[in-house]
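What follows is one structure encoded as C-alpha cells, with my remarks underneath.
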Amino acid sequence: MISRLTVILVVCASLMACVVPALAAWDLAADWNETNPNGVWEYGYLDNGAWSVMTKHVDSFWGMDQPAFMLPETFEHPNLFKSVGLAGTNIPEGKVGGHSAPPVVQSGAYGVKWTAPYATEINIAGGTWIAMPWTERPHAVSLYINGVSVISMVDIPYSYDAANQFTLAAAAGDPSILQNIAIGAGESVMLTVKSTHPQDGVWVGMDLTISEVPEPGALGVLSTGVIGLLGFAARRRR
C-alpha cells in the first residue's frame, strides 16, 4: 500500500513543476558561438560609453589555430575568444579570454554584453584572472548593469588563475549588489577588461553567468500548498 507520505511527496513534486517554472541560466563559455551577436550575447568593445560589436573574426592568429574576434585597428590583438587549449594563450580549454591592446592602441575596454530577452530577476556571478601574472601588466575589470557601473576599473590582482578567479563579488566589495536584480526586457549586463599598462596588454580570462531568481509569489504559493498537505496528513493521523 502506498503511504500517505509518498502521496504527499508526489503531490509536492507536481506542485513544484506546475507553480515554479524552469529557471533560465546563461553562461558565457557554455553559450559561446563563433558568430556575433550570438543570441543574447555580444562580443565587443566599450569606449567612452559607446558599445561596438566586434565585426572582425579570424580562424587563427600569431601562428596559433585559435578562432577569435577582434577590432581591425588593434594590430591583430585577439580581443576575445573561447580557448581551444593552446599553451600560448595560457587560457584553459573551454574558458573565455582575450589579449588586450595597450591604451596607446586601444583606448577602450573589450568584453561581453548580455541582453535580457524578457523582464525577470537575476543573479550575476563570474570572475577574471590575468593569465600571465609574471608579466606584471596590470588590467582592470568593470561591470555595468543597464549602463550603470557597479564595478568600475577595479585592478585584477596577479594572484588569481582560472581555478581560483578574482570573483565579481570580490571586485564589487558588496556581493549583494549582484543578487536579486530586477531587469527589464532589452536591458543589459556588460563585463569588460582593460589594460592599464602604458605600453602592453596581456592574456586575461573571464567567466560570466546570469541566472534567473525564482519569483517570490511562486514560492509562496508552493509553500502554502505544502503546508496545507502536511496539515491534512496530520489530521488524518488523528
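Quick notes
- Wholly enclosed strands (runs of 3 or more DSSP E) of the range 98-155 bearing at least 2 residues among the aromatic types (Phe, Trp, Tyr): 109-115
- Whenever a residue of the range 81-93 is modelled with pLDDT under 95 and surrounded by fewer than 23 Cβ atoms within 10 Å (Cβ to Cβ), its partners that are not in a loop (DSSP other than H, G, I, E, B) and not small (Gly, Ala, Ser), lying with C-beta atoms within less than 6 angstrom and at least six residues away or across chains, give the pairs LEU86/MET64; GLY88/MET64; ASN90/TRP203.
- Scanning the range 181-195 for residues that are surrounded by fewer than 16 Cβ atoms within 10 Å (Cβ to Cβ) and in contact with a strand residue (DSSP E or B) (Cβ under 6 Å, 6 or more places away or on another chain) yields a single hit, ALA182.
- Scanning the range 156-195 for residues that are under 16 Å from ALA116 (Cβ atoms), part of a strand (DSSP E or B) and not hydroxyl-bearing (Ser, Thr, Tyr) turns up ILE181, ALA182, ILE183, VAL189, MET190, LEU191.
- Test: residue in the range 59-67 that is modelled with pLDDT of 90 or more, over 17 Å from GLY85 (Cβ atoms) and surrounded by fewer than 16 Cβ atoms within 10 Å (Cβ to Cβ): no
- Where THR35 falls short, out of the listed (1) under 30 Å from HIS197 (Cβ atoms); (2) modelled with pLDDT of 90 or more; (3) in a loop (DSSP other than H, G, I, E, B): (1)
- Being touching a helix residue (DSSP H, G or I) at 6+ places or on another chain (Cβ under 7 Å) and either among the basic types (Lys, Arg) or over 16 Å from TRP203 (Cβ atoms) (or both) is not true of GLY44.
- Members of the range 46-92 found to be of a type in the set (S, T, N, Q), in a loop (DSSP other than H, G, I, E, B) and within 24 Å of ILE145 (Cα to Cα), listed by number: ASN48, THR55, ASN79
- One residue from ALA169, ALA116 being touching a helix residue (DSSP H, G or I) at 6+ places or on another chain (Cβ under 9 Å), farther than 15 Å from VAL204 by Cβ and crowded, with 18+ Cβ neighbours inside 10 Å: ALA169
The values are calculated or read from the model by the stated rules, or taken from the named source; none is laboratory data. Quick caveat: nothing in here was measured; it's all calculated off a predicted structure. Quick reminder, even Gly has a Cβ in these numbers, built from the backbone with ideal geometry, and neighbours come from all protein chains shown.
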